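First the structure, in the form of C-alpha cells, and then the observations on it.
The values are calculated or read from the model by the stated rules, or taken from the named source; none is laboratory data. It should be emphasised that the depicted structure is a prediction, and the values quoted were computed from it without experimental measurement. Methodologically, a virtual Cβ is constructed for each residue, glycine included, from the backbone with ideal geometry; neighbour enumeration extends over all protein chains shown.
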There are 2 protein chains.
Amino acid sequence: MITKLQVKYIQSLGQKKFRDEEAVFIAEGPRIINELLGTSAMTPVAIYATGTWMQENMRADKNNPLFQVTEVKAAELERLSFLQTPNEVLGIFKKPVHAALDFSNALSLMLDGIQDPGNLGTIIRIADWFGIANIVCSKDCADAFAPKVVQATMGSIARVKLLYTDLPALAKKIEPIQLYAATLDGRSIHRLQPIKEAVLVTGNESKGISTALLDCCQHRITIPRLGQAESLNAAVATGIILSHLVGY
Amino acid sequence: MITKLQVKYIQSLGQKKFRDEEAVFIAEGPRIINELLGTSAMTPVAIYATGTWMQENMRADKNNPLFQVTEVKAAELERLSFLQTPNEVLGIFKKPVHAALDFSNALSLMLDGIQDPGNLGTIIRIADWFGIANIVCSKDCADAFAPKVVQATMGSIARVKLLYTDLPALAKKIEPIQLYAATLDGRSIHRLQPIKEAVLVTGNESKGISTALLDCCQHRITIPRLGQAESLNAAVATGIILSHLVGY
C-alpha cells in the first residue's frame, strides 16, 4: 500500500530540481534494480515492488533495515512508474558522490551538450562495456540521473563515475593529457594506434563540439564516411571511436 | 485546409496493415522531407506543409502536377503528425520496390528480429554512412516504414535497399557469400582483415540471432568487452563491427 505523499514524492523525482535537492534518483525494472542492489557503489533508499518481485528477490533480506521495501499492487506501480510499461519494481537510490576523477593511465570521455536521454544512457553503457570509468559532462548535457537515461544505461550507471563541470576549464587542468575530438574533418580512426591515456570528446547531436572546447583538443579524429548519411548518431560514433582507441 | 477524411487516412498509415495495403509511408520534418524530395529513388504522393515551409521550398514547383501539396495550419499539422513536436511538413511517399538484391562484391546487413524502431532506424543510418546498400530483415523485425523508424533514419531510408524475407533460406541461396554473426563468443573484431564481400548478421536486442540463422553463419565475431556491461545496444554493436569490417 502506498500513500498519496509517496506517489507525489516519487513523481517529483522526475524533475532534476527535486533529484538534486534530494540527491537521489529513480530506477525501474528487475534487471537494473538487481544490478544496483548488487553493487556496493549504490545505496538504496526505498524499493516499491510487486509480490512477484518480492517473492523472487527479497526472501533473505526482507527485514533489511537499511532501506524501506514496500509491496505494491500492479496498479499502484503504474501510478509511480516513469515507464510506458511498468515492470515489477521501482527503486529510489542515493546519487553517488565521487571524489575528484583520476584521468591518468586511462581512457575517459567528455560529453559536450549531449541532449538526448537515450543517447546519454547508451553512451554510459558503451563506456561500461569498454571499461571506461570516467565520464565528464558539460553542464548543458541531459541529466544522467533522469529516469530515461538511467533506463537506457541498463545498469551501467552503477559502474561509471559521472561529473558535470566546465569542460574547457577541466581540459586545461588535466594537461598534458591529450583530448581527441570526434569531428567530421579529422584524422581517420583507422590510422590511430591504440591509446592508453586520453580523453575522447563527443559533441552535441546537431552542433558538435563547442568552439571553446574544440580549441582545447590536441587531436581531431573522424570515422571515414563511405556512403551518404550526413552524420552518425552520437552514441554510435562514440562506440565506434572507442572501439578503435582501445584497440584490442 | 485538410478534410476529416485526409486526417483519418494519414492516421491509418501509422499501422503497418494500411501502409502495406496502400504501399506508402509517412515522413516528417524539413530535413527528411527535403532529402526524400531530392532523390529520384522516392516518389512523393502528397505533402502537407505550413506556410513557412511552402515559402522556403515550393516556390519553383508549386504547381508540380506529380504530387498533391496542401498548405496546412500548425494546428492542423498537429492533428496529422506522429511526432511529439510536429515540424513544418509531413509527406506521404510510395514505398520503394526493389528488384532482387545483389550481394556480390559488397558488404550487406541481415537483421534478425530487431524490435526497437529507434534501433532499426539508427542501423539504416549507419548502413548509409558506410555505403552499405542492402539490408535484409527477418519478418519479425520492426517495419522499416513505421513513422518512428523513418524518422530515426534521418533520411537514409531513401538510400538503402530493404527486403523482408526468410533469412536462413536467403543465406543458403547466396552461398558461397560468407555470413558473419555478431555474437558474444566469437573472434575479436580486432583480428579481422577488412572484407569486401560479406553479410554481417545482427540479432534481436535480447535474444540475439536465432539458432536456425546462426547455423548458416560461417563466422562468429565479437567486440571484446573490457568492462562489465552485459551487452551493447544492437545499433551501436552493428556500427562498431561495420567500422572494422570496412577497414579504411
Given the criteria closer than 10 Å to A:GLY121 by Cβ and either at pLDDT 95 or above or under 11 Å from the mean Cα position of the chain (by Cα) (or both), does A:ALA142 qualify?
yes
Can you tell me how many residues in the stretch B:141-153 are of a type outside the set (Ser, Thr, Tyr) and within 11 Å of chain A (Cβ to nearest Cβ)?
1
Residue within the stretch A:222-242 that is more than 14 Å from chain B (Cβ to nearest Cβ), part of a loop (DSSP other than H, G, I, E, B) and either in contact (Cβ under 8 Å) with a residue 60 or more places away in the chain or under 29 Å from B:GLY121 (Cα atoms) (or both) present:
no
Would the stretch A:88-106 turn up any residue that is crowded, with 20+ Cβ neighbours inside 10 Å, within 14 Å of chain B (Cβ to nearest Cβ) and at pLDDT 95 or above?
no
Selection from the stretch A:209-221 of residues that are outside any loop (DSSP other than H, G, I, E, B) and touching a residue at least 60 places away in the same chain (Cβ under 8 Å):
A:LEU213
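For (1) surrounded by 15 or more Cβ atoms within 10 Å (Cβ to Cβ); (2) part of a helix (DSSP H, G or I); (3) within 18 Å of the chain's Cα centre (by Cα), each residue gets a yes or a no:
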| residue | (1), (2), (3) |
| --- | --- |
| A:LEU5 | no, yes, no |
| A:LYS8 | no, yes, no |
| A:PHE18 | no, yes, no |
| A:ALA27 | yes, no, yes |
| A:ASN34 | yes, yes, yes |
| A:ILE47 | yes, no, no |
Among the residues of the stretch B:154-192, which ones are within 14 Å of another protein chain (Cβ to nearest Cβ) and within 19 Å of B:SER104 (Cβ to Cβ)?
B:VAL160, B:LYS161
Please specify each residue of the stretch B:117-135 satisfying the condition of being crowded, with 19+ Cβ neighbours inside 10 Å and either touching a strand residue (DSSP E or B) at 6+ places or on another chain (Cβ under 6 Å) or of a type in the set (D, E, K, R) (or both).
B:ARG125, B:ALA127, B:ASP128, B:ILE132, B:ASN134, B:ILE135
Given (1) of a type in the set (Ser, Thr, Tyr); (2) in contact (Cβ under 8 Å) with a residue 40 or more places away in the chain; (3) assigned to a loop (DSSP other than H, G, I, E, B), A:SER40 misses just (2)
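Just to check your reading of the model, which residue among A:THR211, A:THR202 is closer than 23 Å to A:CYS141 by Cβ, more than 7 Å from chain B (Cβ to nearest Cβ), crowded, with 17+ Cβ neighbours inside 10 Å and β-branched (Val, Ile, Thr)? Before the answer, list the steps.
Numbers: A:THR211 fails: crowded, with 17+ Cβ neighbours inside 10 Å.
After applying the criteria, what remains is A:THR202.
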When you check B:LEU77 against the structure, is it closer than 24 Å to B:LEU13 by Cβ, touching an Asp or Glu at 6+ places or on another chain (Cβ under 6 Å) and not in a loop (DSSP other than H, G, I, E, B), yes or no?
no
Checked the stretch B:1-37 for anything charged (D, E, K, R), closer than 21 Å to B:TRP53 by Cβ and touching a Leu at 6+ places or on another chain (Cβ under 9 Å); matches are B:GLU28
Is it the case that A:LEU109 is aliphatic (A, V, I, L, M), in contact (Cβ under 8 Å) with a residue 60 or more places away in the chain and closer than 28 Å to A:LYS173 by Cα?
yes
Check whether at least one residue in the stretch A:150-171 is outside any strand (DSSP E or B), out of contact with any Phe, Trp or Tyr (no Cβ under 6 Å at 6 or more places or on another chain), farther than 29 Å from A:ARG19 by Cα and not assigned by TED's automatic domain parsing to the domain that holds A:LEU90, and report yes or no.
no
From the residues in the stretch A:166-186 that are under 12 Å from A:GLN218 (Cα atoms) and without any contact (Cβ under 8 Å) to a residue 40 or more places away in the chain, which one is surrounded by the most Cβ atoms within 10 Å (Cβ to Cβ)?
A:GLY186
Mind counting the residues in the stretch A:86-114 that are over 14 Å from A:ILE47 (Cα atoms) and assigned to a strand (DSSP E or B)?
6
Hey, does the stretch A:115-123 have a residue that's outside any loop (DSSP other than H, G, I, E, B), outside the structural domain of A:LYS8 (by TED's automatic domain parsing) and among the hydroxyl-bearing types (Ser, Thr, Tyr)?
yes
